[in-house]
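Structure first, commentary second.
A short reminder: the numbers here are calculations on the coordinates, not readings from a lab. If you're wondering where the values come from, they're calculated on a predicted model, not measured in any experiment. We place every Cβ from the backbone using ideal geometry, glycine too, and count neighbours over all the protein chains shown.
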Amino acid sequence: MIRLAAIDHVVLRVRDMDRMIRFYGDVLGAHEERRIEELGLVQLRAGASLLDLVDVNGALGRQGGAAPGAGGRNLDHLCFRLEEWDEAAIIRQLGEHGLTGIEVGRRYGAQGFGPSIYISDPEGNQLELKGPPEAGVDENG
C-alpha cells in the first residue's frame with residue numbers, strides 16, 4: 001500500500017530567476033542549496049523540503065513549453081516522499097490502477113539521491129513518488 005509521508009519538493013518554472021530567488025529567500029527565508037547552471041536549475045531549501053526553480057529559457061525549462069501564464073504551465077511536478085519503498089509492490093499497485101510504462105529513476109530530492117517514479121494524475125499533472133535517500137551519497141551524486 002502506498003502511504004504518503006510528505007511533500008519532498010515542488011518545481012516552479014520561472015521567467016525571472018533572480019527575482020524569484022530574492023522573493024523566496026528574502027520574503028520566505030528559503031536559502032539556495034544547489035545550482036546546476038547547465039540545466040537552468042536552482043534548488044532552495046524550504047525547511048525539510050526543496051523548492052526547485054527552473055528557468056523557462058534553460059534546458060529543463062524549455063521542455064515545459066511556454067512561460068508561465070495563459071499559454072504555459074508554471075508547476076512542473078509535485079513530488080511526494082513515500083513512507084516505505086517496496087519498488088515491486090509500488091509498481092504492481094500503480095499497474096492495478098491502469099498506469100503503465102512505469103520506470104524507476106535515481107533522482108535528487110530534499111533528503112538526497114534516491115529512487116523515484118514519475119506518473120501523471122487524471123488531469124495530466126506530473127507527480128513524482130520519491131523513495132528514501134541513499135546512504136552515504138552527497139548532493140553531487
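Close amide H partners of G40, meaning residues 5 or more places away or on another chain with modelled amide H under 5 Å apart, are A59.
Over the chain, dividing the summed -39,500 (n - 2.57) contributions of all DSSP H runs of at least 4 residues by the number of residues returns a 222 nm mean residue ellipticity of -3000 deg cm²/dmol. Centre-to-centre separation between the Cα atoms of segment 69-136 and those of segment 1-37: 18 Å. The distance between label points at L75 and R106 comes to 3.0 nm (points 7 Å beyond Cα on the Cα→Cβ vector). Can you work out the PRE-style zone for A88? Point 7 Å along Cα to Cβ, and I want the residues of segment 1-45 with backbone N under 17 Å. Within reach of a label on A88: 1-2.
Converting phi to 3J(HN,Hα) with the Karplus coefficients 6.51, -1.76 and 1.60 and the offset θ = phi - 60°, segment 19-34 yields 5, 5, 4, 4, 4, 5, x, 6, 7, 10, x, 6, 10, 5, 10, 7 Hz in sequence order, with x at every glycine or proline. Axis of helix 87-96 versus longest Cα principal axis of the chain: the two differ by about 90°, to the nearest ten degrees.
Using a Gaussian network model of the chain with C-alpha springs under 10 Å, which one of V104, V54, V42 is most mobile by mean-square fluctuation? Of V104, V54, V42, the most mobile in the Gaussian network model is V104.
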